[in-house]
1. Can you give me the long-range amide H partners of Thr182? Hydrogens built in the peptide plane at 1.01 Å from N, cutoff under 5 Å, separation of 5 or more residues or another chain.
2. What order, most packed first, do the peptides 10-19, 188-197 have when packing is the mean number of other Cβ atoms within 10 Å of each residue?
3. Can you give the relative contact order of the range 31-143 as a percent, counting alpha carbon pairs under 8 Å and 6+ residues apart?
4. Pick out, from Asn65, Ser221, His258, the residue whose Cα sits farthest towards the positive end of the charge dipole of the chain, with +1 on the Cβ of Lys and Arg and -1 on the Cβ of Asp and Glu.
5. Output the peptides 152-160, 235-243 sorted from most to least packed, where packing is the average of other Cβ atoms within 10 Å over each peptide's residues.
6. List the relative contact order of the range 187-257 as a percent without decimals, with contacts defined as Cα pairs under 8 Å and 6+ residues apart.
7. Packing-wise, with mean Cβ within 10 Å as the measure, how do 63-74, 258-269, 132-143, 27-38 rank, highest first?
8. Just how far, in whole angstrom, is the range 221-256 from the range 1-44 if you go by their alpha carbon centroids?
Amino acid sequence: MAHCFVEEAEKILDKEFPVLNKGFIRLVDYMGSDERIVQAARVSYGKGTKSVREDKGLITYLLRNDHTSPFEQVVFTFHCKMPLFVARQWIRHRTARLNEISGRYSVMADDFYIPELSDISFQSSDNKQGRSEEEVPEELKEKVIELLKADQNRVYDNYKTLLEDNVARELARINLPLSLYTEWYWQIDLHNLFHFLRLRLDSHAQKEIRVYAEAMYEAASKVCPMAFEAFEQYIKGSVRFSKDELSALKQMLNGEEHELKGRDKTLFESKINEGHQR
């Protein structure tokens with residue numbers, strides 16, 4: 001199997017995709033491409049004699065039918081810089097390999113995340129982990145920003161004071177806030193990247209991690225455009241129904257009232273609405 005060289009991917013290799021106010025995503029390396037996926041699926045050598053159309057059809061078939069192992073043959077390595085609270089959500093995806101900067105060995109930089117005024121929101125009344133769409137007064141937004149900056153400056157000044165007093169770095173760092181930026185190298189195969197993107201590109205994901213997923217999508221899609229086209233069609237742009245929901249859908253298609261009640265009804269109807277919007 002020859003090394004896969006993708007011209008469009010080479011153009012963005014090591015290019016910074018800015019995210020939030022001080023963060024970024026860089027694709028620093030990749031192994032494989034659409035070609036590697038079809039090679040692995042056919043267990044063949046070299047490029048073979050199949051056409052681009054046949055390759056695209058095979059990739060679509062594999063993803064549509066959950067034949068995921070050929071997608072694991074494609075691997076990405078990203079260099080990422082993000083706030084700690086984003087990293088702690090991100091780390092829940094345990095199918096990747098990573099190395100993160102250590103506050104025990106390094107002096108942490110004076111880099112903190114400050115949200116845009118437009119991103120300051122009230123707590124949602126019906127979503128325990130989400131934001132309300134209710135408009136926040138400008139004076140309150142400005143107050144939030146001022147408080148965040150003041151706390152960040154105070155804590156970082158104390159951190160520097162402890163370091164100057166030769167307090168161990170592993171102790172000096174312990175009060176640094178979740179808004180502090182961290183960095184890591186993050187390596188993941190395409191199958192598991194699709195799982196990450198399916199969850200983190202969703203409109204219900206927190207915005208601050210969603211924008212990182214969008215940047216990773218933009219970079220990784222240069223490596224495997226056919227696979228990402230299939231991902232758009234069968235994963236990102238799709239809606240999944242349970243057995244009971246399929247029965248309810250069949251009732252609706254027959255012009256009948258479906259029998260779902262309560263939370264099941266609400267969830268089912270939200271999926272129907274989501275499908276209409278797409």
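1. Met82, Leu84
2. The densest-packed peptide leads the list: 188-197, 10-19.
3. Details: 56 pairs, mean separation 21.9, N = 113.
It comes to 19 percent, rounded to a whole number.
4. So the residue we want is Asn65.
5. So the peptides 152-160, 235-243, ranked by packing, come out 152-160, 235-243.
6. Relative contact order of the range 187-257: 21 percent.
7. Working: 63-74: 16.7, 258-269: 13.1, 132-143: 11.2, 27-38: 21.4.
Packing proxy ranking, top to bottom: 27-38, 63-74, 258-269, 132-143.
8. One Cα centre to the other: 27 Å.
All of the numbers you see were taken from the coordinates with simple rules; none came from a lab. Everything quoted here is computed from the prediction, not taken from an experiment. For neighbour counting, all protein chains shown are included, and Cβ atoms are generated from backbone atoms with ideal geometry for every residue, glycine included.
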